[in-house]
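Below you'll find the structure, written out as structure tokens, and then a few comments.
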Amino acid sequence: MRHARPHRKTRPDHRAPAAEAECMQINHPNLLGYHGEGFSRVQGWCSDKLFAVIDMLASCRINKAGGVAEIGIHHGKLFLLLNQLTGAEDSSFAIDLFEHQTLNIDKSGRGNLAIFQENLRKYDAHQGRNVRIIAGDSTDPALDLVATIGRGTLRFFSVDGGHTVQHLLNDLAIAQQTITNEGVVIVDDMFHFEWPGVTEGVVRYMQSFPTLVPVAMGHNKLYMCKMSYHGFYLSLFERCPLAVRRVSFCGWSVIALSHDRPAG
Ligand SMILES: C[S@@+](CC[C@H](N)C(=O)[O-])C[C@H]1O[C@@H](n2cnc3c(N)ncnc32)[C@H](O)[C@@H]1O
């Protein structure tokens, strides 16, 4: 039976090994708090190396305003990390099928609204008060996500919903229109052999010559920014202690971030 298979990845990454945490630089107080209390308890798929990357992005001089959004929440592991950066006045958006799992056509994760709400209450900087939860299919035109979120309003957007080519094309188009010009989009499972639809979707998206372009990748994530800010973010990522080398992807210079090697 189709639904008898466990949804998606076999080994949820919900541990934060102490040794790794020690060699990471985290300055933002809310990120430090979530790293120490919460992250390891929230089930999901997100490397704890993202604390260092997001902390670096949060401390740079641009991209200071706006909320965050994620398509593909599951229990909120990454969403909670991103929303730590927002102010109480910033509107954030959590989009997932949640209980409508019959529409989860590629069985990527399994959102659970009750668990997510409980995690917001326990670990979110604002106990979820600045979060609008949208339960539905990101490809559903009736949701009108661009209008609902607002054009050019978000600092960070995580694309981690359906993993087919079509989902990627749909969700990247929403991300491109709703982030600020200085904002950063994070795509999950880039180059993951179990989810080739993500790589194909990103490559096809890039063939349309979009204004959202790749700038860094590592820890199973691709980081994208608007092309006007590519030079800024490229030089920022190049100075990141996790940077390994500069590579080329779809015609753009991209910084590869390491999986294993600590800073230095
Ligand atoms: C891999 S999980 C997300 C993991 C999460 N970002 C984390 O930090 O652990 C993928 C999520 O996408 C949701 N999803 C799948 N297809 C979707 C769609 N078409 N629209 C919205 N959400 C979708 C699933 O319900 C699931 O919760």
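Scanning segment 151-187 for residues that are in a strand (DSSP E or B) and in contact with a Lys or Arg (Cβ under 6 Å, 6 or more places away or on another chain), we see that the one that is surrounded by the fewest Cβ atoms within 10 Å (Cβ to Cβ) is ASN181. Six or more apart or on different chains, Cβ under 7 Å: which pairs go from a residue in segment 206-223 that's closer than 20 Å to LEU57 by Cα to one that's of a type in the set (Gly, Ala, Ser) and part of a strand (DSSP E or B)? Could you list them? From residues that are closer than 20 Å to LEU57 by Cα, the pairs are MET217/ALA256; GLY218/ALA256; TYR223/ALA216.
Residue check: is HIS100 within 16 Å of the ligand (Cβ to nearest atom), surrounded by fewer than 16 Cβ atoms within 10 Å (Cβ to Cβ) and not polar (S, T, N, Q)?
Working: within 16 Å of the ligand (Cβ to nearest atom): yes; surrounded by fewer than 16 Cβ atoms within 10 Å (Cβ to Cβ): yes; not polar (S, T, N, Q): yes.
Spelling it out, HIS100 is indeed within 16 Å of the ligand (Cβ to nearest atom), surrounded by fewer than 16 Cβ atoms within 10 Å (Cβ to Cβ) and not polar (S, T, N, Q).
For segment 80-96, a residue qualifies if it is within 9 Å of the ligand (Cβ to nearest atom) and under 21 Å from ARG151 (Cβ atoms), and exactly one does: ILE95. Filtering THR148, THR102 for residues that are free of Cβ contacts under 8 Å to residues at least 12 places away in the same chain and either in a loop (DSSP other than H, G, I, E, B) or not hydrophobic (A, V, I, L, M, F, W, C) (or both) leaves a single hit, THR102. Would you check if ALA65 is touching a helix residue (DSSP H, G or I) at 6+ places or on another chain (Cβ under 8 Å), among the small types (Gly, Ala, Ser) and within 23 Å of GLY152 (Cβ to Cβ)? Considered against the rule, which asks whether it is touching a helix residue (DSSP H, G or I) at 6+ places or on another chain (Cβ under 8 Å), among the small types (Gly, Ala, Ser) and within 23 Å of GLY152 (Cβ to Cβ), ALA65 comes out as no.
If the condition is being hydroxyl-bearing (Ser, Thr, Tyr) and at pLDDT below 95, then segment 91-108 contributes THR102, SER108.
Of the candidates GLU238, GLU200, the single residue that is among the acidic types (Asp, Glu) and closer than 23 Å to ASN63 by Cα is GLU238.
The values are calculated or read from the model by the stated rules, or taken from the named source; none is laboratory data. Not measured: the values here are computed from a predicted model. With ideal geometry, Cβ positions are generated from the backbone for all residues, glycine too; neighbour counts draw on all protein chains shown.
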